[in-house]
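Beneath this line is the structure, given in structure tokens, with notes to follow.
The values are calculated or read from the model by the stated rules, or taken from the named source; none is laboratory data. These numbers come from a predicted model, not from an experiment. Because the Cβ atoms are built from the backbone with ideal geometry, glycine has one as well, and the counts that use them run over all protein chains shown. Heads up: the accessible areas ignore ligands, DNA and RNA and are worked out on the full protein's heavy atoms, side chains in. Shrake-Rupley method; radii C 1.70, N 1.55, O 1.52, S 1.80 Å.
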Amino acid sequence: MIQIVEYAGVILILLGGIMAVISAFGILRLPDVYTRSHAATKSSTLAVLLSLSGTFIYFWASESFISVRLLLGITFVFLTAPVAGHLITRAAYRSRVKLADSSTEDALEEVLRKAEEKIEDVTEDDNDPEQPPN
């Protein structure tokens, strides 16, 4: 029974390696920063989680060793990698990095434009000399 669990851990580690290779191909082949960021965060996160989970299961089954470091690593990667990917992509969008030519729609363009107009209105109101100070 223990060998079956060890093999399950090894299979998870192997799947993590395969996902890492798929992620690397996605980063190299995709056309713009947005899709590359998607490949880097989604599939790489899955690859790391599969590898760390497989390592945890393998050591738990073979040596009855429960590694708190592996559990913390799994939790840390699960929580931080998607957030970091989102923030990097958002910063790229706000820096006006161009979408790929194959992109058909920019759903955030109008939302960003309205937000910038609102900020400009607030800034103009603050600089208006006719308004009395608070």
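Which of the residues belonging to region 58-73 are surrounded by 13 or more Cβ atoms within 10 Å (Cβ to Cβ), assigned to a helix (DSSP H, G or I) and more than 24 Å from the chain's Cα centre (by Cα)?
Tyr58, Phe59, Trp60, Ala61, Ser62
Which members of region 34-48 meet the condition of being open to solvent by less than 30 Å² (accessible area, probe 1.4 Å) and over 11 Å from the mean Cα position of the chain (by Cα)?
Ala47
When only residues in region 86-97 that are surrounded by 10 or more Cβ atoms within 10 Å (Cβ to Cβ) and basic (Lys, Arg) count, which is farthest from the chain's Cα centre (by Cα)?
Arg94
Mind listing whichever residues of region 1-32 are touching a Lys or Arg at 6+ places or on another chain (Cβ under 9 Å), of a type outside the set (Ser, Thr, Tyr) and open to solvent by less than 80 Å² (accessible area, probe 1.4 Å)?
Passing the criteria: Gly26, Ile27, Leu30, Asp32.
State yes or no: is Lys118 in contact (Cβ under 8 Å) with a residue 40 or more places away in the chain and over 18 Å from the mean Cα position of the chain (by Cα)?
Judged against the criteria, Lys118 is not a match.
Could you check region 98-121 and list, in sequence order, the residues that are of a type in the set (Asp, Glu), in a helix (DSSP H, G or I) and open to solvent by 90 Å² or more (accessible area, probe 1.4 Å)?
Glu109, Glu110, Glu120, listed by residue number.
Quick one: which of Ser51, Ser23 is closer than 27 Å to Met1 by Cα, small (Gly, Ala, Ser), assigned to a helix (DSSP H, G or I) and under 18 Å from the mean Cα position of the chain (by Cα)?
Among Ser51, Ser23, only Ser51 is closer than 27 Å to Met1 by Cα, small (Gly, Ala, Ser), assigned to a helix (DSSP H, G or I) and under 18 Å from the mean Cα position of the chain (by Cα).
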